[in-house]
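The values are calculated or read from the model by the stated rules, or taken from the named source; none is laboratory data. On a predicted model such as this, the values are computed, not experimentally measured, just so you know. Positions of Cβ are generated from backbone atoms using ideal geometry, with glycine treated the same way; all protein chains shown enter the neighbour counts. All accessible areas refer to the heavy atoms of the entire protein, side chains included, with ligands and DNA or RNA removed. Shrake-Rupley method; radii C 1.70, N 1.55, O 1.52, S 1.80 Å.
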Amino acid sequence: IVIFYEDKNFQGRSYECMGDCPDMSSYLSRCHSCRVERGCFMMYDHTNFMGNQYFMRRGEYSDSMSMMGMSNCIRSCRMIPMHRGSYRLRIYERENMSGQMTELMDDCDNIMDRHRMSSCMSCNVMEGNWLMYEQPHYRGRMMYMRPGEYRNLSNMGHSSMRFMSMKRITDSCY
């Protein structure tokens with residue numbers, strides 16, 4: 001459950017959300033703060049789960065734009081379901097699951113250092129939910145990956161983005 005507020009410091013009109021919301025403008029004209037009461041969510045600065053993504057866990061975000069480094073206010077959100085069990089992610093150096101492949105079952109802070117891969121251009125999330133980051137050590141812009149095949153990561157809204165580190169969204173995040 002997450003409660004969104006139009007203004008900073010939990011002021012103005014509010015909207016309580018318990019799942020995915022592709023367009024916040026149906027409920028609020030803008031969103032500048034939120035309280036995540038339960039669960040984990042990805043927040044997006046464009047409608048329909050597009051644009052820059054921000055991971056939020058239980059807590060208070062009195063000024064989501066400055067706290068998260070957002071350039072725009074929250075426009076859509078997606079609830080991340082809790083996953084119990086193992087984690088498996090296959091990353092590929094090139095599009096369409098080609099080139100060097102590495103299978104991950106744990107967090108990887110730097111694919112270049114750990115697997116001698118210069119970039120990750122496609123992937124297959126076999127088990128669990130993952131966050132992929134554009135820089136080593138879980139820094140820079142991020143992207144939420146749920147189970148499925150992603151044949152061309154550069155076509156997913158960030159053409160210049162390369163992924164250099166990956167982290168599992170585990171129970172400890174909740």
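Brief remarks follow.
- Screening Arg88 on (1) of a type in the set (Lys, Arg); (2) touching a residue at least 60 places away in the same chain (Cβ under 8 Å); (3) within 19 Å of Gly128 (Cα to Cα) shows it passes everything except condition (2).
- Yes/no for Ser76 being under 30 Å from Asp7 (Cα atoms), touching a strand residue (DSSP E or B) at 6+ places or on another chain (Cβ under 7 Å), small (Gly, Ala, Ser) and in contact (Cβ under 8 Å) with a residue 12 or more places away in the chain: yes
- The range 152-174: number of residues that are closer than 18 Å to Thr102 by Cα and at pLDDT 95 or above: 4
- In summary, Arg78 fulfils each of the numbered conditions (1) out of contact with any helix residue (DSSP H, G or I) (no Cβ under 9 Å at 6 or more places or on another chain); (2) part of a loop (DSSP other than H, G, I, E, B); (3) of a type in the set (Lys, Arg) with the single exception of condition (2).
- Across the range 1-11, the qualifying residues are those that are out of contact with any His (no Cβ under 8 Å at 6 or more places or on another chain) and farther than 13 Å from Arg75 by Cβ, and the one among them that is surrounded by the most Cβ atoms within 10 Å (Cβ to Cβ) is Val2.
- Looking only at the range 20-54, and only at residues there that are more than 15 Å from the chain's Cα centre (by Cα) and closer than 28 Å to Asn155 by Cα, the one that is surrounded by the most Cβ atoms within 10 Å (Cβ to Cβ): Cys31
- Ser33 meets each of the listed conditions (1) in contact with a Lys or Arg (Cβ under 6 Å, 6 or more places away or on another chain); (2) closer than 15 Å to Arg146 by Cβ; (3) of a type in the set (Gly, Ala, Ser) apart from (2).
- Cβ-Cβ under 8 Å pairs, at least 6 apart or on other chains, the range 127-148 side farther than 19 Å from Arg88 by Cβ, far side open to solvent by 40 Å² or more (accessible area, probe 1.4 Å) and hydrophobic (A, V, I, L, M, F, W, C): Pro136/Met112
- Counting only strands (runs of 3 or more DSSP E) wholly contained in the range 88-174, the ones carrying 3 or more residues that are of a type outside the set (Asp, Glu) and over 15 Å from the mean Cα position of the chain (by Cα) occupy 88-94, 98-104, 122-127.
- Among the residues listed as Ser26, Ser62, Ser33, the single one being without any contact (Cβ under 8 Å) to a residue 12 or more places away in the chain and more than 25 Å from Lys167 (Cα to Cα): Ser26
- Residues of the range 110-135 satisfying the condition of being within 17 Å of Met164 (Cβ to Cβ), among the acidic types (Asp, Glu) and surrounded by fewer than 16 Cβ atoms within 10 Å (Cβ to Cβ): Asp113
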